[in-house]
Each structure stands twice: as C-alpha cells, then as structure tokens.
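To start, the structure itself, in structure tokens.
The values are calculated or read from the model by the stated rules, or taken from the named source; none is laboratory data. Model, not experiment: these values are computed from the prediction. Positions of Cβ are generated from backbone atoms using ideal geometry, with glycine treated the same way; all protein chains shown enter the neighbour counts.
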Amino acid sequence: MKGNILTFEVPRSYFSHSDSLVLQLHLTDIKSAAIATGGAHGDTPWTVGRMMAWMEHVADEKERQGHVRTAETYRSTARRMKKVRHGDAGALFDDSWIADFDSQLHRDGLSLNTIGFYMKRLRAACNQAHEAGLYLPNVLFDAVYTGNAQTAKRALDAVTISRLARMELKKPMQRLARDLFLFSFYTRGMSFVDMAYLRRSDIQQGILVYRRHKTGQRLSMAWLPEMEKIVVWYHEDGQPYLLPIIKRGVEDEQRAFKTMQYRVNYALKSLGRILELPRPLTMYVARHSWASIAQASHVPLPVISAALGHTSERTTRIYLEAIAAHRVDEANEKVIEQIKGELL
C-alpha cells in the first residue's frame, strides 16, 4: 500500500485473453482508490470482441442522438472486423491485430480509401473510449493508413449531364434512377438520404429548406421548375415524402431506404455503361459534378462551399483538387499537341 494506491501483483499465467480479474474491496476511511491489474490505468485488456461490443455501443449512442448514418458506419466496421478477424473474439486488440486486419483488407481487394474508412472509424471508437476513461494505447494506428487518398475524377461535365437528361428510357427503374440523380444535381448535390425524407412542407414560398442528416446543418435554395417537374411526375396521393424513395405503408423505413439506394445505384451503373463512362455512375457523382461545373463557370470557392453545405472551404478544396489536376493535364496535352508537327 502506497498512499491511496493499492497494487496487486498477479502472475501472467493466471490470465488468458478473455479472462479478467474482479476484486471486491470494502474501503473505510479512504475516499477513493485506484487498482492496477498489470495494465496501465487499471483497465482490463482490450480484446477484439470487446472492441466490437464497444463500437456497437457507440453506434447506439450515435443513433440515439439522431446520427443514423454515422451509427451505421460504426456497425459496418464492426461487421467487417467480425468477418476478417484472426482467431476468436478473445484475441488481443492491439497494434499487431490492427496490422493483420489492414493486411487482410488489402488482400480482399478493398481500395485505399475504403480501408482508410474502416481504420478511421476504429480510431474514432478508440478516441471515444479514451474520453470515457477507458485505457487504450495511443500508438495502435501508427503503422496503418487512416487518411483519404486522392480518388479518380468522378465528376461529369455539362455535356454528359445533358445527354443523361435526354435519354429515352423504357425501364422504370432506370428512369427513376436517372431522375433522382438529376434531382440531386439540381439541388446542388443533395445527398440521397436527405432527398428521401423531403416533404412538401419543406417548400415555402418558392424556397426549399431542409437539414442535412449528416451534419444537422440547415440549407435553403430556390425551388426550381426542374425540381418540381420530377416531383410531379412521381407524385402519388398519400405518399409521406416528396420523392418515391420511402413509400407509403413500409414498416421499416431504414431498410426500405437502403434497398432503394442499392437499386438506384445499380440502375445508374447500367446507365453509365450505356453512356460509355470510364467509371461507375453513382448518386455521389451528382455532387461532384455540380461542384466541377460550378468551378468551370468561375463560381467563387466560398459560394461553392456554402452551396455544398461544407463547414469549411478546406473540404471544398478536396473536392476540387482532383478536378483542377485533371484540367492541368488537359492543358499540358494541348500544349504538347501544338509542337508535335515541328518534331516530325
């Protein structure tokens, strides 16, 4: 006993990964006590199972706060951990396990950004454990990638958007997917989840006002004829929402949303193949395309940032850097093209 700290030394052989030491103390005349069980800060070892349970707990808290999509990112990371974990749930959650997890994700063929997504969620969960007073080493992620790699150019130019809008489509799902893509583009890249929950009451005196599910930020914009045309085309009496993403009478709105999101992106990919696009067409491309065309039209960066609902211009610059690099490459090709004749 030293001061108010009572230390017990227990042989390492007494423990397995899944074991923990439980002490019941009756203290008198001591207001507080700290117990060290061989690990720093008196915490039991973190196992993979414990981390997955913690991530589910964090997801529950996020959902309770109304951050449904953020909660799903924690749950999807926990599912991925369960799918590729090494050994059972009792394996130690340490830098060695994380390195193995990272290697497995690479072997599964995931992109660098997808791997970074999972690692960032894991790191965020660890940070929240720290904030809750639970001990985890602060060097767990030193050897793995947790950033954002520059992605290939996703944006479509104005000509391609026009071609998409003029396509004569006989398949109802393809037409719906195309129209929802255009609606997102017309609304400055509105996300699919925000589109899903729009109501007629969100439009007042020609102004659409809504809150982003991702950030809670309030955005407003003029309600244009192009938007109204799409809404009128798909209008059905008694529908709870403006667009036919979550329809009347469904019991599980979240499941209905995910199902429609999958179907829409699947249909968009088929349209991308018809247009012979170099990369898959998804709903997210509408947002990048709006930003790209706005930049090409010399819209100032602060205006683009505000239109996209970004909280900082730094985020907008990340969107536009790849676009700018692409244009520099095109300019370089044009310059070289002019001297080719002189070299022949």
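Say whether the condition of being closer than 21 Å to residue 156 by Cβ, surrounded by 14 or more Cβ atoms within 10 Å (Cβ to Cβ) and either of a type outside the set (Phe, Trp, Tyr) or modelled with pLDDT of 90 or more (or both) is met by at least one residue in region 247-260.
No - not one qualifying residue is present in region 247-260.
Scan region 111-135 and report the pairs whose first residue is at pLDDT 80 or above and whose second residue is of a type in the set (Gly, Ala, Ser) and surrounded by fewer than 17 Cβ atoms within 10 Å (Cβ to Cβ), with Cβ atoms within less than 6 Å and a gap of 6+ or a chain change.
From region 111-135, the pairs are 116/147.
Mind counting the residues in region 77-88 that are surrounded by 15 or more Cβ atoms within 10 Å (Cβ to Cβ) and either under 19 Å from the mean Cα position of the chain (by Cα) or within 17 Å of residue 126 (Cα to Cα) (or both)?
4
Out of everything in region 251-297 that is in a helix (DSSP H, G or I), outside the structural domain of residue 171 (by TED's automatic domain parsing) and polar (S, T, N, Q), what residue ends up being farthest from residue 192 (Cα to Cα)?
295
Just checking, how many residues over region 201-246 are over 22 Å from residue 69 (Cα atoms) and either free of Cβ contacts under 8 Å to residues at least 12 places away in the same chain or surrounded by 11 or more Cβ atoms within 10 Å (Cβ to Cβ) (or both)?
23
Against the conditions (1) modelled with pLDDT of 90 or more; (2) more than 24 Å from residue 165 (Cβ to Cβ), where does residue 270 fall short? Just the number, please.
(2)
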